[in-house]
Structure formats: structure tokens, C-alpha cells
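Q: Submitted below is the structure of interest, expressed as C-alpha cells.
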Amino acid sequence: MTTATPTLSSSSSADVAAQRRAAVDQALNDVRAIAATQPFDRAVLARITARLEQLASHTALFTRADFPPPAITEGVGASTRYRLNPGDGDDGVALYLNSINPGKTSIPHNHTTWATIVAVEGQEENRVYRRTDDGSDPAVARLELDREVTVQPGTSIGFLADDLHSIHVIGEQPTLHFHLYGRPLETLSQRIGVNLATGAVVNYNATQMKPSQVAA
């Protein structure tokens, strides 16, 4: 398995973009090979996360100048999600770089596929929940907080398909965080979100998600 990432050799925007695409392609090829391991469990997820951390260490390829956050700072518009492998379409893994302003939050949600979050820069608090109900009512989910993890350079987090978490961007600078999924977010139409106060379940993609942008 190849794990070396191309060394940044030129400051021109075209060269940086080409080197970034090559690094992303190489990393995702490695991820696909790891993800093919059966059974897929948290140990496999940890190996995928470690490979993505290698990519994140090449900070010159992923800068805020190339992946700016939105100008507005509140609500859904406080984040911009850049798809880094748009050429793969809906087939298999999808890698995004999230550029999010401080103060952005989400409701608890699942992914219906595996996922991992790795930081290039910035801090994102992840609150991980456990369900306390039996799941018999599809319109209601009762959650309690299990743990909190602040994703930042050197600290990552991974999720299996049914894990539930919420994000809370903290600190004073926008994030640049990789979000990698077993399938593209746009295809995950059965994801749920949960209102913590009432337990009401909503379709997360339909009510909470805005479109991704395509990276250069």
C-alpha cells in the first residue's frame, strides 16, 4: 500500500491544485483498500483515520485561502463543505473539507455509513450520544451524552453507521477538517437527526444539509 504524499514543490496555484488532487487520490486509494477489510469494525476505522491524518499533515495543500469559510457566521450558512473527489460521483468513498466558522452547531445525527473526522486546523467539539430508548417508535429517539471529543490537529474521531453525534465549532478560528464517508453524503437519504429537547426524529439530509461545493 502506498502512503507517501507528494511533496509540495511549487507555489503556483495550478501546481498546488495538481499536487492536492494527486495526494487525495493516493490517500483514497489506500482508504479503499483498508475499507475492504472484513469485518469492518472500529479497528479498521482507526486505520482509515490514521491514513487520513497523514494527508492532513500536508497543510500547505489545504489552506483557508483555497477553502474559505462563508462570510455569514450563523445558522446553516456558517459552513462550506468542499467535495475533494467529485470525479468519483456516487460510487464509494467521499472526502470533504469542511470550512466552518466558530459557533456553528448541528443537532445529533447518524450517517448510515462509516465516517471519520480529521483536522487540518481549528477545533470542532463532537458530542457522542447513546440511545436510551428501544427504537420501536421511528418518530422518537431518546439520547444521553456518552462523551465529548474535541477534534483538532492530533485528535480525530471515527463513527460506525449507527453512531450518533453533534458538532460544535469552538475556538476563535474557522475549521479546516476532513470529513470522510463510506458513501457520499448526498446519497445518505435515510440519515436521522434528533431534537434533544423533545426526542423528535427528522430526516437529516432533508432538513439540515445544504449542498456541497466542488473543490478545484
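The values are calculated or read from the model by the stated rules, or taken from the named source; none is laboratory data. Please read all numbers here as calculations on a predicted model, not as lab measurements. Don't worry about glycine lacking a Cβ; one is built from the backbone with ideal geometry, like all the others, and counts go over all protein chains shown. Just the protein is used for accessible areas: all its heavy atoms, side chains included, with ligands, DNA and RNA removed. Shrake-Rupley method; radii C 1.70, N 1.55, O 1.52, S 1.80 Å.
Q: Can you pull the percent of the chain's accessible area that's carbon plus sulfur, 1.4 Å probe, other chains left in place?
A: 50 percent
Q: Which of Thr113, Thr155, Thr80 ends up with the largest GNM mean-square fluctuation for the chain, with Cα atoms connected below 10 Å?
A: Per the Cα network of the chain with a 10 Å cutoff, Thr155 tops the list.
Q: Along the Cα-to-C-beta direction of Asp88, a point sits 7 Å from the Cα; which residues of region 152-182 have their amide N less than 11 Å from that point?
A: 180-182
Q: To continue, here is another question. Show me the three semi-axes of the equivalent ellipsoid for region 85-166, from the C-alpha gyration tensor (sqrt of 5 times each eigenvalue), largest first, rounded to whole Å.
A: Sorted largest first and rounded, they come to 24, 18, 11 Å.
Q: Over region 19-121, what is the mean sequence separation of C-alpha contacts under 8 Å (at least six apart), divided by residue count, expressed as relative contact order in percent? Each step should come with its number before you reach the end.
A: Values: 102 pairs, mean separation 28.8, N = 103.
Relative contact order for region 19-121 comes out at 28 percent.
Q: Could you report region 17-89's accessible area per residue, 1.4 Å probe, as an integer in Å²?
A: 46 Å²
Q: Debye calculation, C-alpha points only, no solvent: report log10 I(q)/I(0) for region 120-216 at q = 0.12, 0.13, 0.23, 0.25 Å⁻¹, in the same order as the q values.
A: Log10 I(q)/I(0), no solvent term: -0.46, -0.54, -1.42, -1.48.
Q: Continuing with the same structure: How high is the relative contact order of region 77-216? Use alpha-carbon pairs under 8 Å, at least six apart in sequence, and give a whole percent. Provide the component values of the computation, followed by the final result.
A: Working: 360 pairs, mean separation 51.4, N = 140.
Answer for region 77-216 is 37 percent.
Q: Can you give the angle from 0 to 90° between the axis of helix 42-56 and the longest principal axis of the chain, with both taken from C-alpha atoms, to the nearest 10?
A: Taking Cα atoms only, the helix is inclined about 40 degrees.
Q: Then there is this: Under the √(5λ) rule applied to the eigenvalues of the Cα gyration tensor, what semi-axes describe the equivalent ellipsoid of the chain? Give them in Å, descending. Walk me through the intermediate numbers first.
A: On the way: eigenvalues 164, 79, 46 Å².
Taking √(5λ) for each Cα gyration eigenvalue gives 29, 20, 15 Å.
Q: Separate question: For helix 13-35, report the angle its Cα long axis makes with the longest principal axis of the Cα atoms of the chain; keep it between 0 and 90° and round to the nearest 10°.
A: 50 degrees
Q: Would you look at the GNM of the chain, springs on alpha carbons closer than 10 Å, and say which of Asp134, Asp162, Asp91 moves the most?
A: Greatest mean-square fluctuation among the candidates belongs to Asp134.
Q: Still on this model: For Val202 and Glu148, what is the calculated FRET efficiency with R₀ set at 30 Å and r taken between the beta-carbons, to the nearest 0.05?
A: Values: r = 23 Å, r/R0 = 0.77.
Once rounded, the FRET efficiency stands at 0.85.
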